[in-house]
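Participant: First, the structure itself, so that you have it in front of you.
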Amino acid sequence: MITKKCILAAMLAAPATLAIAAPVQAQVSGIASANPAAVVASSKALTAAHQQISTTYKAAFDQMQQRRQTLENELKPLITQIDTNKDGQVSDAELSAAQTAKNPVIERIRTAQTNAQNDLSRLSNPAARAELFAIESVLRQYEPAMMRVVNARKISVVLAPEVFQYAPASADISTAITAEIDKTTPTVSIQPPANWQPSRDTMTIQQQIAQAAQIRAYQQQAAQQGGAARPAAAPAAPAANTPRPAEPR
């Protein structure tokens, strides 16, 4: 039996793109598409939650920035030791040579990165939980909002955008669903109960939103540089990814 929950799960399983389509005008033969991650990401409630999180956890974010700077300062002299041609970068060949020679600097770099990542995870965990709780609160409103749009527009089927090989922009009802959520839930709390655990759907949505943000940041960087951003050749410092604060239920 196909239930509304199954439909939502199928949407979440599809690769996410957070590009919001133009305002809905009409659907094609009763078939529409919607992207739950796009809906949640563009909701007023999550936008307000992010602003509140930025203020509430500012001290932690400042500490994270300081920890990243400390790591960068720690890595500079180490990376210099394996930068054999002294061009300020570590090529794949230089890195491979250091690994083959079992240069102890490689292990020191890895240890520094691991320690920094542990510190960053600890510092970011409260804010990560706050964001996940806000996302889950918005996500609870997704299905009833979608059904209001479905009933109002007499839609028979709602699919993930990735299912279509082609569909006009008017087939995407994501913005209409977001508008419905904004009407009923303009804000959500960022304070989860002590024993709260995020659901798997919530974790999936959070990951899709984060991935889309990273893609946008990369594209902006590439545009500013006038071309594709150059990947780092040296051992990478830990990314500021939002950690998983708890196992999803």
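The values are calculated or read from the model by the stated rules, or taken from the named source; none is laboratory data. Here the structure is a predicted model, which means the values were calculated and not measured. All Cβ positions, even for glycine, are placed from backbone atoms using ideal geometry, and neighbour counts span all protein chains on display. Heavy atoms of the whole protein, side chains included, go into the accessibility calculation; ligands, DNA and RNA do not. Shrake-Rupley method; radii C 1.70, N 1.55, O 1.52, S 1.80 Å.
Participant: If you take the residues of region 58-87 that are closer than 25 Å to residue 99 by Cβ and of a type in the set (Asp, Glu), which of them is least open to solvent (accessible area, probe 1.4 Å)?
Facilitator: In this case the residue turns out to be 83.
Participant: Now, a different point. Just one of 212, 232, 222 is open to solvent by 50 Å² or more (accessible area, probe 1.4 Å) and modelled with pLDDT under 95; which is it? Can you show your working first?
Facilitator: Values: 212 fails: open to solvent by 50 Å² or more (accessible area, probe 1.4 Å); 222 fails: open to solvent by 50 Å² or more (accessible area, probe 1.4 Å).
Only one candidate passes the filter, namely 232.
Participant: (1) charged (D, E, K, R); (2) buried (at least 17 other Cβ atoms within 10 Å of the Cβ); (3) modelled with pLDDT of 95 or more: which one isn't true of residue 94, the others all being true?
Facilitator: (3)
To keep it simple, each residue is scored yes or no on (1) on the phi < 0 side of the Ramachandran plot; (2) basic (Lys, Arg); (3) in contact with a strand residue (DSSP E or B) (Cβ under 7 Å, 6 or more places away or on another chain).
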site: 102; (1), (2), (3): no, yes, no
site: 115; (1), (2), (3): yes, no, no
site: 129; (1), (2), (3): yes, yes, no
site: 135; (1), (2), (3): yes, no, no
site: 160; (1), (2), (3): yes, no, yes
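Participant: What are the residues in region 166-193 that are part of a loop (DSSP other than H, G, I, E, B) and either touching a strand residue (DSSP E or B) at 6+ places or on another chain (Cβ under 6 Å) or farther than 19 Å from residue 138 by Cα (or both), if any? Give the steps one after another, and end with the answer.
Facilitator: Within region 166-193, the subset part of a loop (DSSP other than H, G, I, E, B) is 166-168, 173, 185-193.
Result: 166, 167, 168, 173.
Participant: Working carefully through the options 113, 99, 165, 117, find the one that is touching a residue at least 60 places away in the same chain (Cβ under 8 Å), farther than 23 Å from residue 42 by Cβ and open to solvent by 50 Å² or more (accessible area, probe 1.4 Å).
Facilitator: Values: 113 fails: open to solvent by 50 Å² or more (accessible area, probe 1.4 Å); 99 fails: touching a residue at least 60 places away in the same chain (Cβ under 8 Å); 165 fails: touching a residue at least 60 places away in the same chain (Cβ under 8 Å).
Every option except 117 fails the conditions.
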